[in-house]
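Data first, discussion second: the structure below is written as structure tokens.
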Amino acid sequence: MLKTPLIAVSYKVYAEATGKRALELTGKIEKAAREYGDTVIIVPNLVDLKTVIEATELPVFAQHIDPYAPGSHTGSVTAEMIADAGATGTMINHSEKRMILADIDFAIKRAKELNLETMVCTNNVDVTGAVAALCPTYVAIEPPELIGGDISVSTAKPEVISGSVEIINRINPEVKVLCGAGVKKKEDVKKAVELGADGVLLASGIVKAKDPEAVMSSLLEGLH
Ligand code: G3P
């Protein structure tokens, strides 16, 4: 398992983090991560996944896998495909790519068989509790209304972080708790860790930053 506390950065499908720019951004994030020695997971888009994996030593997660075994499922991405590409794990059930519970269960089991870590996004404390029973490596709680904004979950909804930590401890303490949405500053990270989170998940705060390396360094300072 990767060392915690950690920071995970999703590239979503932002133009600033696609193709050649995905590689440039990865280089900047990696430079900051090396300096601090902390775990930084990057989550590039699925088309750039393999190219990014080949260009970095950072752990790389896919943004999604479909709940299928290899076979006749046109347009789908299987756990086997991302394992072959060299991914460390996969994010699933992001608010922008939701799945039903039975499919989340299937995807987690399939990923585990292939030694892939799993980060399951959740939208509230109750869903966090439900997902904990499926034993993913991480849950990442993100109130959907705060995603992409400038007010972080740690400021706007600290009770969602502490509530998630509490329900995880009750249902399955082996699961690590990440939180995200609106994380932009060192203080957001610091507060998340103080509330019991094992790290944060963010996107626009890094991908859209003028100086992603400087922002990454500052966020990493907030971990300690
Ligand atoms: O996947 C992380 C994401 O949903 C958070 O987005 O832009 O609020 O950091 P952002």
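Coordinate-derived values only; no laboratory data. Keep in mind that this is a model prediction, so the values were computed, not measured. Using ideal geometry, Cβ is built from the backbone for each residue, glycine included, and neighbour counts are taken over all protein chains shown.
Taking Cα centre as origin and charging only the Cβ of basic (Lys, Arg, +1) and acidic (Asp, Glu, -1) residues, the dipole magnitude of the chain rounds to 220 debye.
Derived scalar couplings between HN and Hα for region 43-52 equal 10, x, 5, 5, 6, 8, 3, 5, 4, 5 Hz in order, rounded to whole Hz, by the Karplus curve 6.51 cos²θ - 1.76 cosθ + 1.60 (θ = phi - 60°), x for Gly and Pro. By a straight-distance test (C-alpha under 21 Å), which lysines pair with residue 191 as possible cross-link partners, with residues fewer than eight away in the same chain excluded? Output for residue 191: 3, 157, 176. Around the amide H of residue 6, modelled in the peptide plane, lie the amide H atoms of 199, 200, all under 5 Å away and 5 or more residues distant in sequence or on another chain. Taking 20 Å as the straight-line reach from the Cα of residue 28, the lysines in range (excluding those fewer than 8 positions away in the same chain) are 12, 20, 50, 184, 185, 186, 208, 210.
Taking amide H atoms as placed 1.01 Å from N in the peptide plane, the amide H of residue 176 lies under 5 Å from those of 138, 139, each 5 or more residues away in sequence or on another chain.
Other residues with beta-carbon under 14 Å from the beta-carbon of residue 33 carry, at +1 per Lys or Arg and -1 per Asp or Glu, a net charge of -2.
Under a model in which nothing but the beta-carbon of Lys, Arg (+1) and Asp, Glu (-1) is charged, region 134-203 shows a dipole of about 140 debye around its Cα centre.
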